[in-house]
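A.B. asks: Let me give you the structure first, and then I'll get to my questions.
The values are calculated or read from the model by the stated rules, or taken from the named source; none is laboratory data. Treat the numbers as computed from the prediction; the structure is a model and nothing was measured. Here the Cβ positions follow ideal geometry from the backbone for every residue, glycine too, while neighbour counts run over all protein chains shown. Each accessible area value is taken on the protein alone, full model and side chains, heavy atoms only, with ligands, DNA and RNA left out. Shrake-Rupley method; radii C 1.70, N 1.55, O 1.52, S 1.80 Å.
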Amino acid sequence: MASSAPTPHATGFPAEGRCGYYVEKKKRFCRMVVAAGKRFCGEHAGAAEEENTRKRILCPLDPKHTVYEDQLAKHLKKCNSREKPKPDFFIQDINAGLTDETEVPEQLVPISSLSEEQLENLIKKLRKASEGLSSTLKDQIMSHPALHDALNDPKNGDSATKHLKQQASILGNIEKLKLLGPRRCFVEFGAGKGKLSHWVDIALKDAEKVHFILVEKVTTRFKVDGKHRKKNSVFERLQIDIQHLCLNKIPVLSKEKLPVVGIGKHLCGVATDLALRCLVETYAASCEERNEEPLAKRIKNDKTEKEINTLAKEGNEKSVPEKWTPVAGIVIALCCHHRCDWRHYVGKEYFKALGLGAVEFHYFQRMSSWATCGMRKTSLDASNITTKRKDHQNDDGEEHDDGGYRITDDTVESLPGFLTVEEKKKIGHLCKLLIDQGRIEYLQQKRFSPALQYYTDPLVSLENVLLTALPNHSSSPETTT
């Protein structure tokens, strides 16, 4: 048998057409393609003898790459890290909420620095505020046939199976709420790779006029939405922070008048509040205000009463369905309550009505991590805590950030020794429930019928609560009280 050709590393030479710079840290040659007649790639050209008189410097926009000093001005005009023009749908802080006069003080002592009496007072306030709230939610663990084959794929690892079970249940709940259908625009917040929208599209098969808007503030690798080429569904990805997203300015929504279904899988803390305000306050409210204007005001030219009536009749017949509503429904899997922010929180009025404010919210938010931090020790001495692993139930890194499910300095400080593990978990769950109840009250004020339910087993994910909402004129799920 003929022996295979030696590898470049074995011979000490770079592969043909590749950079000749040896990367000491990686113990191999650079693999970048070089220009014709060149020995080094642009990044390592400074090492070439014929070009050693030109100096390379760090790019001031992104120090992760270098540029020739004499070409800096030209590079800054085309660097991928340059500030790009803002799209029409970017409106600074449109979903941020109003700044509260009683914002959280900058220097609040950590929970570990609170006296036992101070912490007990906080817990008393929490329990009093939570009176009447059901600590056990209704089980709505569902599935959907669209994921049947994927769920039964023997190649799946534990992490893949957990994600698929959650996606199947979310999809089942979307269908149960009668939100799965044609002529809709699904807006996936915190989309990550876009897998939730992917399965919604699979479930819809050949439904007509379906649009997907995937909102994600960071660049994401291995996206699945680019693989969809069906003629009846369109995928559009927006790289923007939800805080600045104005749905009214997105052409498909302003022109087509498609009902919006807001969806999300593990939408971290503050992102949930931003998404709710984006849907029901910024978007739905503005659409309703325009619909309530007299038709005559929306007609630029003066018309006779007969012409106005004719236009109204034609408009009702041609453009907007009779029961059209801007937001048809909301289905969001919640998580990371410790990442909430008082300024953006939609339930401020609910907290204030209970005699609570920014300071209590700050501590409840931090204590909410006790429900999922995975601690199995109790000690007055924080230094005795040795667990440093990330909780195995929260492998959702592909679709949202860590959420802090690990024992760090921040979580260590928030574990008082006079409470048992079970007491901490119950307090953590009460904090989550109270924060979520503020969201429920907000949606009710905005004329929606909201509900909280368990959508997956805690063995699949400790963050297993699903928030759903339908506009009041729809057949709505049972409201959580």
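A.B. asks: Compute the Cα gyration tensor for region 220-288, then decide on rounded, prolate or oblate, letting a ≥ b ≥ c be the square roots of its eigenvalues: rounded whenever a/c is under 1.5, prolate when a/b is larger than b/c in the other cases, and oblate in all that remain.
C.D. replies: Oblate is the answer for region 220-288, as a/c is 1.5 or above yet b/c matches or exceeds a/b.
A.B. asks: Now, a different point. First measure r as the distance between the Cβ atoms of LYS27 and ASP457, then evaluate 1/(1 + (r/R0)^6) with R0 = 56 Å and state the FRET efficiency to the nearest 0.05.
C.D. replies: 0.80
A.B. asks: Ignoring ligands and nucleic acids, what accessible area does THR219 show with a 1.4 Å probe (Å², nearest 10)?
C.D. replies: Roll a 1.4 Å probe over it and THR219 shows about 110 Å².
A.B. asks: Taking amide H positions as placed in the peptide plane 1.01 Å from N, state which residues far from PHE29 in sequence (5 or more) or on other chains have amide H under 5 Å from it.
C.D. replies: Those lying under 5 Å, H to H, from PHE29 are VAL23.
A.B. asks: Suppose R0 equals 41 Å. What FRET efficiency, 1/(1 + (r/R0)^6) with r the Cβ-Cβ distance, do LYS217 and GLU16 give to the nearest 0.05?
C.D. replies: My answer for the efficiency is 0.50.
A.B. asks: Continuing with the same structure: Using protein chains only and a probe of 1.4 angstrom, how many square angstrom of HIS148 are accessible, to the nearest 10?
C.D. replies: HIS148 exposes around 110 Å² with every protein chain in place.
A.B. asks: Starting from the 7 Å offset along Cα-to-Cβ, what nm value, one decimal, do you get for the label separation of LYS138 and VAL109?
C.D. replies: 4.4
A.B. asks: OK, next. Which pairs break 28 Å Cα to Cα here: LYS84/LYS255; LYS84/LYS205; LYS162/LYS205?
C.D. replies: Long pairs (Cα-Cα over 28 Å): LYS84/LYS205.
A.B. asks: How large is ³J(HN,Hα), in whole Hz, for each residue of region 69-76 in order, when computed from phi with the Karplus curve 6.51 cos²θ - 1.76 cosθ + 1.60 and θ = phi - 60°, using x for Gly and Pro?
C.D. replies: 4, 7, 10, 4, 4, 5, 5, 4
A.B. asks: Leaving out ligands, DNA and RNA, what percent of the accessible area of region 198-256 is carbon and sulfur, probe 1.4 Å?
C.D. replies: About 50 percent, which is the carbon plus sulfur part of the accessible surface.
A.B. asks: Further question: Which value, in Å² and to the nearest 10, is the accessible area of TRP199 when all protein chains are kept and the probe is 1.4 Å?
C.D. replies: That residue has around 40 Å² of solvent-accessible surface.
A.B. asks: Per residue, how much accessible area does region 115-262 have with a 1.4 Å probe, in Å²?
C.D. replies: With all protein chains present, region 115-262 gives 52 Å² per residue.
A.B. asks: Could you tell me what fraction of 2.2 N^0.38 Å the Cα radius of gyration of region 145-283 comes to, as a two-decimal ratio?
C.D. replies: 1.03
A.B. asks: Additional query: Going through region 78-184, which trypsin sites (Lys or Arg not before Pro) have at most 10 other Cβ atoms within 10 Å and a DSSP loop state?
C.D. replies: Loop-located and lightly packed - LYS155.
A.B. asks: Using alpha-carbon positions, what is the distance between the centroids of region 206-271 and region 50-93, in Å?
C.D. replies: Cα centres, region 206-271 to region 50-93: 29 Å.
A.B. asks: Still on this model: Going from most exposed to least, what order do LEU196, LEU137 have by accessible area with a 1.4 Å probe?
C.D. replies: Largest accessible area first, the residues go LEU137, LEU196.
A.B. asks: What ³J(HN,Hα) values, in whole Hz, does the Karplus curve 6.51 cos²θ - 1.76 cosθ + 1.60 give for region 147-156 when θ = phi - 60°, with x put for Gly and Pro?
C.D. replies: Per-residue couplings from phi come out as 9, 4, 5, 5, 5, 9, 6, x, 7, 5 Hz.
A.B. asks: What nm distance separates the two modelled labels at LEU72 and GLU423, each placed 7 Å from Cα along Cα→Cβ?
C.D. replies: Roughly 6.1 nm, to one decimal.
A.B. asks: For VAL234, which sequence-distant residues (separation of 5 or more, or a different chain) have an amide H within less than 5 Å of its own amide H, given hydrogens modelled in the peptide plane?
C.D. replies: Under 5 Å from the amide H of VAL234: VAL210, HIS211, PHE212.
A.B. asks: Going down the table (LYS227/LYS265; LYS176/LYS217; LYS128/LYS425; LYS176/LYS424; LYS55/LYS77; LYS178/LYS265), which pairs top 26 Å between alpha carbons?
C.D. replies: LYS176/LYS217; LYS176/LYS424
A.B. asks: A follow-up question, please. Which far-off residues, 5 or more places away or on another chain, put their amide H under 5 Å from the one on LYS265, with H placed in the peptide plane?
C.D. replies: ALA333
A.B. asks: Compare the peptides 247-258, 437-448 by average per-residue count of other Cβ atoms within 10 angstrom and give them in order, highest first.
C.D. replies: Result, highest mean Cβ count within 10 Å first: 437-448, 247-258.
A.B. asks: Using 0.36 nm per residue, how much length does the chain from LYS209 to ALA353 gain when fully extended, once their Cα-Cα distance is taken away?
C.D. replies: 47.5 nm
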